[in-house]
Amino acid sequence: MSESVIVYPGFFDPITLGHTNIVKRATGAFDRVVIALSKDSSKDPLFTFEERHALIDSIYATNRQVSVETFEGLLVHYLEKKSYRTVLRGLRTVSDFEYEFQMALANKTMNAEIETFFMMTDSKYSFISSTLIKEIARLGGSVREMVPGMVCESLERKFA
Ligand code: COA
């Protein structure tokens, strides 16, 4: 039987415990999880693409079920190029649904073979967003309970 692979795309500026919780749970259902880091340059991130990549790489360095890839341009084009068919997205609140629904349908319209799986974010992390984390860190608050340790240290260095 061929291995099941699911692709978890995002901008991850920075990756949070909400994201890592989704990845961990997905590894229980799929053989392999590919974190696909978007190179989209239209956003103005706090962490450079290289920094976001390095953080995700270090977090999953010893996890053989999780790999990190990057993509530029349309997600569907990357999926087609790599022969991936399954996408994972996390849903935190009802307000995420509209955007995610729109994106899943747009991707499916461009390529009918692509399926999007949604996973409910753990309630502990449902309030987390990368923007919120950056604001708390910028204003000197603690984000230890919200991001992986090395992200926390990187945020502290950024705002030192
Ligand atoms: N826990 C915590 N936070 C979460 C979360 C979770 N489980 N899931 C999402 N988030 C938050 C992030 O922290 C982030 O917060 P922010 O808005 O404050 O920065 C936000 O939700 C979304 O970030 P992320 O999950 O990194 O993804 P994104 O929505 O920025 O990425 C892409 C979307 C990259 C998948 C999408 O834009 C894409 O496919 N782009 C390529 C171009 C393309 O194909 N466009 C057409 C799409 S139809």
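Derivation of every value follows stated rules applied to the coordinates shown; laboratory data play no part. What you are looking at is a predicted structure, and each value in this text was computed from that prediction instead of being measured. All Cβ positions, glycine included, derive from the backbone under ideal geometry; neighbour counts span all protein chains shown.
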Scan around Gly90 for amide H atoms under 5 Å from its own, H built in the peptide plane at 1.01 Å from N, and keep only partners 5 or more places away or cross-chain. Met119
Does anyone have the angle between helix 49-59 and the longest principal axis of the chain? Alpha-carbon axes, 0 to 90°, nearest 10? 90 degrees
Show which lysines lie in cross-link reach of Lys81 when reach means a straight Cα distance below 27 angstrom and same-chain residues fewer than eight apart are skipped. Lys24, Lys39, Lys43, Lys108
Say each of Ala160 and Phe118 gets a label point 7 Å from the Cα, pointing the same way as Cα to Cβ; how far apart are those two points in nm? 4.2 nm
Rounded to the nearest 500 deg cm²/dmol, what is the calculated helix-only ellipticity per residue at 222 nm for the chain, with -39500 (n - 2.57) per DSSP H run of length n ≥ 4? -12000 deg cm²/dmol
For segment 35-41, Karplus couplings with θ = phi - 60° (6.51, -1.76, 1.60), whole Hz, Gly/Pro x: 7, 9, 8, 6, 8, 2, 9
Among rounded, prolate and oblate, which fits segment 1-104 when a ≥ b ≥ c are the square roots of the eigenvalues of its C-alpha gyration tensor, a/c under 1.5 means rounded, and a/b larger than b/c means prolate? rounded
List every residue whose amide H lies under 5 Å from the amide H of Ala36, counting only residues 5 or more places away in sequence or on a different chain, with H placed 1.01 Å from N in the peptide plane. Tyr8, Gly10, Glu69
Relative to the longest principal axis of the chain, what angle (0 to 90°, nearest 10) does the C-alpha long axis of helix 149-158 take? 60 degrees
Projected-area mean, segment 74-136, by convex hull of Cα positions, square nanometres: 5.1 nm²
Once phi for every residue in segment 16-23 is put through the Karplus expression 6.51 cos²θ - 1.76 cosθ + 1.60 (θ = phi - 60°), the whole-Hz ³J(HN,Hα) values, with Gly and Pro written as x, are 10, 5, x, 5, 5, 5, 5, 4
